[in-house]
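Have a look at the structure below before the remarks.
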Amino acid sequence: MKRLLLLIPFILLLAACAARGPLTEERRGNVVAFARADTGNAVTVTLSPGLEFDKHVRRDFMGATVEGWLYRAEDGTSVLVSSMDRARFEDLIGRTIEAPKTGIKAYPPQTSWLPRLCQLVRAYVVSLDSDVVAAVKFGPRSDGECDGLVDNDEYMAAHLDEVAEFDRRAEREISVDW
């Protein structure tokens with residue numbers, strides 16, 4: 001009995017440390033929720049029913065390991081919902097994001113042409129304390145040949161209507177709440 005009484009504080013300490021751990025995530029259908037037990041802050045990404053869950057992925061992307069939930073649409077587009085440590089995210093994008101280390105800050109969605117992938121992407125990014133939550137819509141592969149040499153500004157200027165439609169679809173398909 002004495003041993004049990006000595007173990008109870010140790011077990012409670014372990015449970016408290018686990019509860020104060022890093023970002024937790026839960027996926028239910030087309031809703032992915034991220035929360036921090038230590039701050040009580042949370043971000044929820046809701047995707048339209050037109051996106052179908054494909055699988056949980058873990059891939060190397062531009063020198064970083066990206067892990068998340070992949071959804072696909074019938075039009076050949078896909079959405080990846082993921083989170084990562086803020087420092088790793090800043091290394092991935094090559095710049096520091098301006099947000100306090102605690103709290104939530106949402107950034108305006110941004111659409112870019114990624115020449116290496118030959119795809120349009122639209123990213124919804126929210127800093128959540130010391131982590132970042134992102135929902136990234138990937139356009140279908142470019143029609144025809146793509147040599148990866150067309151830069152972002154050149155592509156955007158030459159495809160204004162396509163980019164505008166891509167943005168409209170993303171706005172209908174992705175909702176981020178905090």
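Whether any residue in the stretch 121-135 is open to solvent by 20 Å² or more (accessible area, probe 1.4 Å), out of contact with any helix residue (DSSP H, G or I) (no Cβ under 8 Å at 6 or more places or on another chain), farther than 16 Å from Phe34 by Cβ and at pLDDT 95 or above is what I want to check.
Checked the stretch 121-135: no residue is open to solvent by 20 Å² or more (accessible area, probe 1.4 Å), out of contact with any helix residue (DSSP H, G or I) (no Cβ under 8 Å at 6 or more places or on another chain), farther than 16 Å from Phe34 by Cβ and at pLDDT 95 or above.
In the stretch 32-48, which residues are of a type outside the set (A, V, I, L, M, F, W, C) and either within 22 Å of Ser127 (Cα to Cα) or in a strand (DSSP E or B) (or both)?
Arg36, Asp38, Thr39, Gly40, Asn41, Thr44, Thr46
Among the strands (runs of 3 or more DSSP E) contained in the stretch 73-115, which hold 1 or more residues that are over 19 Å from Val32 (Cα atoms)?
Output list reads 110-114.
Given the condition touching a Phe, Trp or Tyr at 6+ places or on another chain (Cβ under 6 Å), modelled with pLDDT under 95 and open to solvent by less than 90 Å² (accessible area, probe 1.4 Å), answer yes or no: does some residue in the stretch 4-24 qualify?
yes
Report whether or not Thr102 is under 15 Å from Asp131 (Cα atoms), out of contact with any Lys or Arg (no Cβ under 6 Å at 6 or more places or on another chain) and β-branched (Val, Ile, Thr).
Spelling it out, Thr102 is indeed under 15 Å from Asp131 (Cα atoms), out of contact with any Lys or Arg (no Cβ under 6 Å at 6 or more places or on another chain) and β-branched (Val, Ile, Thr).
Just to be sure I understand, how many residues within the stretch 49-63 are under 16 Å from the mean Cα position of the chain (by Cα), outside any strand (DSSP E or B) and surrounded by 14 or more Cβ atoms within 10 Å (Cβ to Cβ)?
Looking only at that region, the number is 1.
Would you mind stating whether Arg86 is of a type in the set (Lys, Arg), surrounded by 14 or more Cβ atoms within 10 Å (Cβ to Cβ) and at pLDDT below 95?
yes
The values are calculated or read from the model by the stated rules, or taken from the named source; none is laboratory data. Computed from a prediction, not measured in an experiment: that's the story for all the values here. Cβ atoms come from the backbone with ideal geometry, glycine included; neighbour counts cover every protein chain shown. Each accessible area value is taken on the protein alone, full model and side chains, heavy atoms only, with ligands, DNA and RNA left out. Shrake-Rupley method; radii C 1.70, N 1.55, O 1.52, S 1.80 Å.
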